[in-house]
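Just so you know, all these numbers are worked out from the coordinates, no wet-lab data involved. Bear in mind the structure is a predicted one, so any value in this text is a computation, not a measurement. Note: ideal-geometry Cβ built from the backbone for every residue, glycine included; neighbour counts use all protein chains shown.
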């Protein structure tokens with residue numbers, strides 16, 4: 001099946017990671033490919049490694065990752081990583097293509113039960129991955145694999161072909177009161 005977690009609310013990646021944990025707990029082979037993400041300080045990366053979940057990141061890396069990971073610093077939202085990304089450059093384009101190539105290779109190899117394409121919807125919205133090409137690929141998926149797409153503003157064409165779509169809708173968020181991302185909660 002194809003699942004989509006979309007919307008402007010918090011929890012799209014978190015929901016996908018929860019599914020990854022559940023699948024790994026049943027002995028399934030899980031791969032997560034993160035488009036536009038390269039922040040190496042996220043706690044879920046450590047947990048995923050402990051559970052045998054493969055995570056590949058294809059985005060800008062936080063220059064402050066070590067200090068943030070150890071709790072000495074909070075994210076300054078400097079725009080050097082995917083948070084606050086304002087302009088796409090040639091390296092972003094190349095990394096996105098690597099992520100998309102890995103997604104297709106993963107399915108072609110046929111060894112994984114669950115493939116999560118985190119933030120691929122944002123990559124599509126930024127024209128870094130062709131929507132048409134993604135839809136054609138999704139329609140040809142083998143029935144032996146579950147694929148999850150995450151990101152804001154999923155196109156109607158993607159929603160139509162998905163088997164499960166969940167929209168995370170922001171009703172209230174502490175960021176509005178200028179609360180910064182918290183270690184162990186948001187990352």
Listed residues 115, 128, 141, most fluctuating in the chain (Gaussian network, C-alpha, under 10 Å): 141
Candidates 44, 133, 87: whichever shows maximal mean-square fluctuation once the chain is modelled as a Gaussian network with Cα springs under 10 Å: 87
Volume of the Cα convex hull of segment 2-177, divided per residue and given in Å³: 124 Å³
Footprinting exposure proxy for 58, 35 (fewest neighbouring C-beta atoms within 10 Å first): 58, 35
Label-point separation in nm, residue 169 to residue 22, each point 7 Å along Cα→Cβ: 2.2 nm
With Cα atoms, 0 to 90° folded angle of helix 90-109 axis to the chain main axis: 40 degrees
Neighbour-count ranking [beta-carbon atoms within 10 angstrom, fewest first] of 140, 37: 140, 37
Ranked 171, 114, criterion: other C-beta atoms within 10 Å, fewest first: 171, 114
